[in-house]
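Comments concern the structure below.
All of the numbers you see were taken from the coordinates with simple rules; none came from a lab. Remember, it's a predicted structure, so these values are computed and weren't measured experimentally. Counting neighbours? That spans all protein chains shown, and the Cβs are built from the backbone with ideal geometry, glycine included.
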2 protein chains.
Amino acid sequence: MATIYEVSERAGVSLATVSRVINKTVPVRESTRIKVEAAMRELGYRPNSVAQSLASNRSNSIGIVVSELGGPFYGELLSRIENEFRAVGKHVIIAAGHSNAELERDSIEFLQSRNCDALILHVESVDDKYLEDLAATGLPFVLINRMVPSIAEHCITLDNEQGGFLATEHLLQLGHRDIAYISGPLWKHDAEERYTGHQSALASYGIEEDKTLFYEGDFQETGGEQGLAHLLAQGKKFTALVCANDEMAAGAITAAHEADLAIPEQLAVIGFDNINFSHYTYPKLTTIDYPVAEIGEMAARWVLKRVYQRPIDDLEVLFAPQLIVRDST
Amino acid sequence: MATIYEVSERAGVSLATVSRVINKTVPVRESTRIKVEAAMRELGYRPNSVAQSLASNRSNSIGIVVSELGGPFYGELLSRIENEFRAVGKHVIIAAGHSNAELERDSIEFLQSRNCDALILHVESVDDKYLEDLAATGLPFVLINRMVPSIAEHCITLDNEQGGFLATEHLLQLGHRDIAYISGPLWKHDAEERYTGHQSALASYGIEEDKTLFYEGDFQETGGEQGLAHLLAQGKKFTALVCANDEMAAGAITAAHEADLAIPEQLAVIGFDNINFSHYTYPKLTTIDYPVAEIGEMAARWVLKRVYQRPIDDLEVLFAPQLIVRDST
DNA sequence: GCTATAAATGAAAGCGCTTACATCATAGGC
DNA sequence: GCCTATGATGTAAGCGCTTTCATTTATAGC
């Protein structure tokens, strides 16, 4: 690959001038710009971004840490973020944290050493302290789906509690009173918040929560199956089920089919997230919409504004969930 | 962040020695190694990988181009590849090609300028010539799900034709004779190959293909819905439907529900890919398994062997699809 | 036509690291 | 104890670019 030096020689100008036409930082005379551009084209030159990054201490790349690369949720998030940045010539480096504190730390440090200009983090396991320290280093980053009050300006979140509230409220409005709940792992912030929302919806109807109708799952499909099986095995009556995400709801629906429970007649089921295939289930799943795409977009715009000084005015930081009624309730 | 220079000063050795303990290229005396490691720890030093990359012309990062970041298919692929590399301290940089030749070229060039040690490509739109030229540059890369004979040693593929054959053969064995087909965009290699497989299955049963039972979709869910609607509107009789991927099959199932067609009694449906939620459909979808995870793993191992000289013996390059029978046929 | 000023360009240092090559220390053979 | 072979360490030259500062060239004012 040709270097900037060869280009400058061919165009009969200095390195510095070539660099200027590449970066458009300082005006260059029209005629020399044309010469340089011609030389670049003839040599098929492309700047070596590693060298650029080293010299300028700016990499034009944004690091992203998510729990998993697979799955509908992260896929859409990543996709949206990549799109936003690509449109302005920035690029993303992605690492998976696998909901494990050590891996999350590892990923973050790797991205740092990679000279990322900013980070977008969806991390669940590192503690608040770590994130506070990270903020103190001056590295710009935005935190998705997690609120750490001391660094609130870094956080973009969904109101999970309200989402949990909406889900249960919907069932209550339909007349259900015996409502089971399959939660995500409660050490995860969002799982806990959703559950809190569920509880306060019950409270607002003056219903006392029956702890035996609670099951702590793993946010996976199998967790939903096991959860419903467990709840049914207890022999307690319930007519509706809230699942803290759609995957578990899909699992629960499978288990319900197996138990010959008609949905929604004998058991109403509601999910959470509105992942892109939540309507593949039968019956189509009622759920709470998690505006992943918007949140991804907002995270990208946060970075564009704060790090690259793009003129962006509205940065939303707390998103509202929304009830999507389909056929399962 | 501390630099290697500060470490060397603190440890009372030269830059070069520090570099040696980092890279373990040349033996260093035990006692000095310990001094250096202590200094690194005390300073919280982490090598700047951008500088490493520039100096060594080696980045320890692998570029990946896929069509989309979202979606179950690519998610799993990426996830597996990332896993493999992370385990050996390499990292991935991901770009989306969006099935568009210009974006695909763009992404590849970006990854090149990023000093990637190797590329893993799932590209559909650039032509064979471009890939041949790319191979000629000496940049190591592996091509997933596409066979370009002149650079066969770069290709890892699924036998799509056989998959298409298996799908249709399955329906034929069940006694179906009037079999409709919803294809992917035929300019895509895999779509074309799957269709060819379908045709040869028909031929092997001595059945002449009825072109009116063919619909060219877009590999998306809506394409499946529209496809089935179109086929039904024609008024021609058919008892089975092959869809060239699961998304379209899910769409077709939705359309079938709407048309009050019982599956599989009135219409048998088979998909292709076995994406992770193909069993969410109702009834659960019979499909052809695309071993994404294995292929991703193999691509990673190709790179480890060829680029990083890891001792890996078995590199499989042609994968066999497999019929997964569920409830929709 | 000459100077004062602004605009365009060039020279060169340095970003943090790797890596030939040179140098130094140590140990073994006599 | 001296010489050589070998291993450990240091020196310094880049990797391809950006950026400061100095220099040159063009523009304008008189």
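Quick look at the values:
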quantity	calculated
Footprinting exposure proxy for B:Thr329, B:Thr32 (fewest neighbouring C-beta atoms within 10 Å first)	B:Thr32, B:Thr329
Nonlocal amide H pairs with A:Phe319, under 5 Å, H built at 1.01 Å	A:Thr157, A:Leu158, A:Asp159
Whole-Å distance, taken between Cα centres, linking segment A:194-234 and segment B:86-146	46 Å
Farthest toward positive dipole pole in the protein assembly as shown [+1 Lys/Arg, -1 Asp/Glu at C-beta], among A:Ala38, A:Ile144, A:Ser59	A:Ala38
Quotient of Cα Rg and 2.2 N^0.38 Å for segment A:8-107, N being how many residues it contains	1.50
Dipole of chain A [Lys/Arg +1, Asp/Glu -1 at C-beta], most positive-end residue of A:Val126, A:Val325, A:Leu304	A:Leu304
Rough spin-label spacing in nm, given labels placed 7 Å along Cα→Cβ, for B:Glu42 and B:Asp178	8.5 nm
Given charges at Cβ of Lys, Arg, Asp, Glu: chain A dipole, positive-most of A:His154, A:Gly97, A:Ser204	A:His154
Base-10 log of normalised Debye intensity for segment A:109-230 (one unit scatterer per alpha-carbon) at q = 0.20 Å⁻¹	-1.07
Residue exposure sequence - A:Tyr130, B:Tyr45, A:Tyr74 - by fewest surrounding Cβ within 10 Å	A:Tyr130, B:Tyr45, A:Tyr74
Ascending list, in nanometres, of distances separating the B:Ala16 label from those of the other copies (7 Å, Cα toward Cβ)	3.4
Ratio Rg/Rh, restricted to the protein assembly as shown and using Cα atoms, in which Rh is the Kirkwood radius	1.01
Binned Cα-Cα distance frequencies in segment A:185-229 - 10 Å width, integer %	25, 49, 26, 1
Fraction of beta bridges assigned by DSSP in the protein assembly as shown that are antiparallel (%, nearest 5)	10 percent
Cut-off under 5 Å, modelled amide H: who pairs with A:Ile64 long-range	A:Ile93, A:Ile94, A:Ala95, A:Ile120
Where only alpha carbons of chain B are counted, the Rg and the Dmax (Å)	25.2, 86
Nearest residue to the symmetry axis between A and B, taken on chain A by its Cβ, in whole Å	A:Tyr282, 1
Over segment A:4-47, volume per residue of the alpha carbon convex hull, in Å³	56 Å³
Per-residue ³J(HN,Hα) for segment B:267-280, Karplus 6.51 cos²θ - 1.76 cosθ + 1.60, θ = phi - 60°, Hz, x for Gly and Pro	8, 8, 10, 10, x, 7, 2, 6, 5, 5, 10, 5, 8, 7
GNM top mover of B:Ala101, B:Ala249, B:Ala268 - chain B, alpha-carbon springs below 10 Å	B:Ala101
Pairs from A:Lys284/B:Lys236; A:Lys188/A:Lys236; B:Lys129/B:Lys188; B:Lys188/B:Lys284 whose Cα-Cα separation, in the structure shown, is over 25 Å	A:Lys284/B:Lys236; A:Lys188/A:Lys236; B:Lys188/B:Lys284
Prolate/oblate/rounded call for segment B:27-82, Cα gyration tensor, a/c under 1.5 rounded	prolate
Förster radius 56 Å - calculated FRET efficiency between B:Thr196 and A:Ile151, Cβ distance, rounded to 0.05	0.50
Förster-model FRET efficiency, 41 Å R0, B:Ser204 and A:Met1, C-beta, rounded to 0.05	0.20
Of A:Leu202, A:Leu241, A:Leu15, the one that fluctuates the most in a GNM where chain A has Cα springs shorter than 10 Å	A:Leu15
Dipole moment magnitude, nearest 20 debye, chain B about Cα centre, only Lys, Arg, Asp, Glu C-beta charged	1920 debye
Cα-based Kirkwood hydrodynamic radius, segment B:160-289, one decimal, Å	13.9 Å
Where a label projected 7 Å from the Cα of B:Ile312 along Cα→Cβ would reach, residues of segment B:83-97 with amide N under 16 Å	B:83-93
Sites B:Gln220 and A:Ala320, calculated FRET efficiency, Cβ-Cβ separation with R0 25 Å, nearest 0.05	0.30
Value of [θ]222 nm, deg cm²/dmol, for the protein assembly as shown, DSSP H segments ≥ 4, -39500 (n - 2.57) each, nearest 500	-14000 deg cm²/dmol
Degrees separating the helix B:30-43 axis from the principal Cα axis of chain B, which is the longest one	70 degrees
Of A:Val292, A:Val123, A:Val26, the one that fluctuates the most in a GNM where chain A has Cα springs shorter than 10 Å	A:Val26
³J(HN,Hα), Karplus 6.51/-1.76/1.60, whole Hz, each residue of segment B:121-127, x for Gly, Pro	10, 10, 10, 10, 9, 5, 8
Amide H within-cut-off set for A:Glu216, under 5 Å, with H built and near neighbours excluded	A:Ser183
Only Lys, Arg (+1) and Asp, Glu (-1) charged, at Cβ; segment B:1-119 dipole about Cα centre in debye	720 debye
Exposure proxy order (Cβ contacts within 10 Å, fewest to most) of B:Met248, B:Met1	B:Met1, B:Met248
